[in-house]
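Only the coordinates and a few stated rules stand behind these numbers; no lab work does. What you see is a predicted model, and the numbers here were worked out from it, not measured in a lab. Glycine gets a Cβ as well: all are built from the backbone with ideal geometry, and neighbour counts include every protein chain shown.
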Amino acid sequence: MRNFSSDLRRFLRPLAIASVIAFGALSSSLAQTAPADSAKTAAPAEKAAGGAAPIGDSKAGEALFKANCTSCHALNKRVLGPALAGVTEKQSREWLHKWIKNSPAFIATGDKDAVAIYEEFNKAGMTPFPQFSDNDIDNILAYIKVEGDKKPAAAAGSGAATADAAGTSDGGISNFMIFGLIAVVVIAFLVILVLNRVIGTLERLLLKKEGEVILPDEQDDEDAEPKDRLATVKKLAKNKKLVFFVVLAVTITLGSFGWMGLWNTGVQQGYQPVQPIKFSHQLHAGTNQIQCQYCHSGAWKSKNATIPSLNICMNCHKYVQATEKYNGEISPEIAKIYSALDYNPETQKYGDNPRPIEWVRIHNLPDLAYFNHSQHVKVAGIKCQKCHGPIQEMQEVYQYSPLTMKWCINCHKETQVNSKGNPYYDKVIAAHDKIKKGEKVTAAVLGGIECGKCHY
């Protein structure tokens, strides 16, 4: 039997090696065919460009285009300005030079095409670029020519790729051969696994039958008495002192966890829900240094900080579309704003079907607690970061502070009141002075007739 086992294992080794070689050959073949396929698709792309070679360096033009043009233009899509693919065929090079360097002056000359574009885009003039040399503009136009012509080439390349996928490419490896090699490798490994299991079973049966080895896990000892595995546990259970201390420890542990659970009930520190739009405070409040009150204007004058309306977003994002980061396409998050407002960025007009953005509230206080933002922000002059944490560093906002009663009381104990030049505290100090002089102080003097005392 041992000879049979060794012979069978000697047979399996070459089979495993052959499987590894087949798998390696498959990987090598795929790696070699990839450049050939790319070379095939490159040739039609070059042909698709067709015509005379553009004047200028497209590589240098790419850097200039992305740095100066992508905020308003895309190659194959209208953004704030028209799509630029094919513009070198529509207009002469001299015309484009005049338009790019100073479009307002060019429009003032009464050029028919310049005036038509100006009227088509709601009389929104293009930014002049007098700093561009003729060579810079030629480089940009070369980039537009090369990249704009790649769209039909890509379509032709996809057709060629489809033909190769069907197994009709010349000189390449067919899909049948690739899947055949994969099937051989998978079957070989399955055979190896099955045969190894069979060999192990046969060896154990043979050795047990001949009496050469008695395996511990298969030993049949019918005469031995069964062991009581719970004897140690039963012995410890009879120790009253040990049982007492175990019960006491369990009670203290459970009580501690229960007490902590009661204290943390309703506390949502670290709460970070998924919002419908990935608004980055790090970008807006941090990098761009936009003041908090620009969006949350209610924090300065009312109880609530208020959620900014989408009109505030459009003050910037009617023009800022981050197209330079998405290959000329509008940012997906900015597109959500347009969709909610039913706004068409191409025509710059609003539709009749707007809908609200369903933001998820992060900071929640119970109804029994009254908190006034203006009292803290305007009167006390407290910074937003005192409660909300380093908001200018948060990519996604989360609840920084616990917002518990203990946390608020500790803040009130530690925060020093600055009454200088503050009309609110001037009234309080004046009331205290009246009390010291023995004068009558009514509730109205202390602000008892203010609307917010009762209505909020």
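In summary, the lysines within cross-link reach of Lys238, defined as a Cα separation below 27 angstrom excluding same-chain residues under 8 places away, comprise Lys227. Here the gap between Asn135 and Tyr425, fully extended at 0.36 nm per residue and compared with their Cα-Cα distance, gives a gain of 97.8 nm. Gain on full extension, evaluated as 0.36 nm per residue between Phe244 and Ile312 minus their Cα-Cα distance, stands at 17.8 nm.
Converting phi to 3J(HN,Hα) with the Karplus coefficients 6.51, -1.76 and 1.60 and the offset θ = phi - 60°, the stretch 419-436 yields 8, 6, x, 10, x, 5, 6, 4, 5, 5, 5, 4, 5, 5, 5, 5, 5, 5 Hz in sequence order, with x at every glycine or proline. Relative protection proxy for 382-389, 425-432, from highest mean packing down: 382-389, 425-432 (other beta-carbon atoms within 10 angstrom).
How would you order 180-187, 141-148 from highest to lowest mean count of nearby Cβ atoms within 10 Å? Intermediate values should be presented prior to the final figure.
Numbers: 180-187: 13.6, 141-148: 21.9.
Result, highest mean first: 141-148, 180-187.
Lysines within cross-link reach of Lys434: Cα-Cα under 25 Å, excluding same-chain residues under 8 positions apart? Here the lysines satisfying the reach criterion relative to Lys434 are Lys420, Lys453. Per Stokes-Einstein, at 4 °C and 1.567 mPa s, what whole-number D in µm² s⁻¹ belongs to the stretch 266-322, with the Kirkwood radius over Cα pairs as the hydrodynamic radius? Diffusion coefficient, whole number: 98 µm²/s.
By the rule of a C-alpha distance below 26 Å, with chain neighbours fewer than 8 residues away ignored, the lysines paired with Lys112 are Lys77, Lys90, Lys98, Lys101, Lys123, Lys145, Lys349. Cβ crowding within 10 Å, taken as a proxy for footprinting-reagent exposure, orders Phe179, Phe121 from fewest neighbours to most as Phe179, Phe121. Summarising the amide proton neighbourhood of Tyr343: residues at separation of 5 or more, or on other chains, whose placed amide H is nearer than 5 Å comprise Gly351. Potential lengthening of the chain between Thr127 and Ala108 amounts to 5.4 nm, from the contour at 0.36 nm per residue minus the alpha-carbon distance.
Normalised by 2.2 N^0.38 Å, where N is the number of residues, the alpha-carbon radius of gyration of the stretch 308-358 equals 1.09. Site pair Ser339 and Ile192 shows an inter-label distance of 4.9 nm when each label is modelled 7 Å from Cα along Cα→Cβ.
For the stretch 58-148, what is the per residue volume of the convex hull drawn over the alpha-carbon atoms, in cubic angstrom?
Roughly 86 Å³ of hull volume per residue.
Net charge in the neighbourhood of His73 (other residues with Cβ under 11 Å of its Cβ; Lys, Arg +1, Asp, Glu -1) is +2.
The distance between label points at Lys440 and Ser302 comes to 3.8 nm (points 7 Å beyond Cα on the Cα→Cβ vector).
Modelled spin labels at Leu206 and Trp407, positioned 7 Å past Cα toward Cβ, are 7.2 nm from each other. Among the lysines of the stretch 264-338, pairs that are 8 or more positions apart or on different chains and have alpha carbons within less than 19 Å of each other number 5. Over all orientations, the stretch 268-408 has a Cα convex hull whose mean projected area works out to 9.7 square nanometres.
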